[in-house]
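Just below is one structure, and these are the notes that go with it.
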Amino acid sequence: MHIKEFQEMMRRLYFHRDSERGVKGTYDWLVEELGELGEALEGNDKEATEKEFADVIAWLASLANITGIDLERAAINKYSGKCPKCHQSPCQCKF
Ligand SMILES: [Zn+2]
């Protein structure tokens, strides 16, 4: 499954609810899920961490759907096999 297909699946499942909740409410959920991912990472529980990653990408796709963003196109346009800053692969940017 490609990112685009995942985003379309999320649209079929949740667009009616996501669009009712709106951009701010959906963004807030994404932030909440990022917080839970952070907690799972600290807990060192791989299974819990995997589930939180799933929630983060699901809410990111929901937010993209209601803002009219094609996640796959956006990601590939910016990260097309090279670092968008130094244009190298692997990245040679200084920390
Ligand atoms: Zn770089």
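The values are calculated or read from the model by the stated rules, or taken from the named source; none is laboratory data. Since we're looking at a predicted model, the values are computed, not measured. No Cβ is skipped: glycine too gets one built from the backbone with ideal geometry, and neighbour counts run over all protein chains shown. Areas reflect the complete protein model, heavy atoms only, side chains present, ligands, DNA and RNA absent. Shrake-Rupley method; radii C 1.70, N 1.55, O 1.52, S 1.80 Å.
Values as computed for the structure displayed
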{"quantity": "K46 among the charged types (D, E, K, R), within 16 Å of the ligand (Cβ to nearest atom), open to solvent by 60 Å² or more (accessible area, probe 1.4 Å) and at negative phi", "calculated": "no"}
{"quantity": "Neighbours by Cβ (under 8 Å, 6+ apart or cross-chain): first from segment 81-95, free of Cβ contacts under 8 Å to residues at least 12 places away in the same chain and surrounded by 12 or more Cβ atoms within 10 Å (Cβ to Cβ); second of a type in the set (G, A, S) and in a loop (DSSP other than H, G, I, E, B)", "calculated": "K82/S89; C83/S89"}
{"quantity": "Subset of segment 49-72 (residues that are surrounded by 13 or more Cβ atoms within 10 Å (Cβ to Cβ) and in contact (Cβ under 8 Å) with a residue 40 or more places away in the chain)", "calculated": "I57, A58, A61, S62, L63, A64, N65, I66, D70, L71, E72"}
{"quantity": "Among the residues listed as L30, L34, the single one being farther than 17 Å from G68 by Cβ and surrounded by 13 or more Cβ atoms within 10 Å (Cβ to Cβ)", "calculated": "L34"}
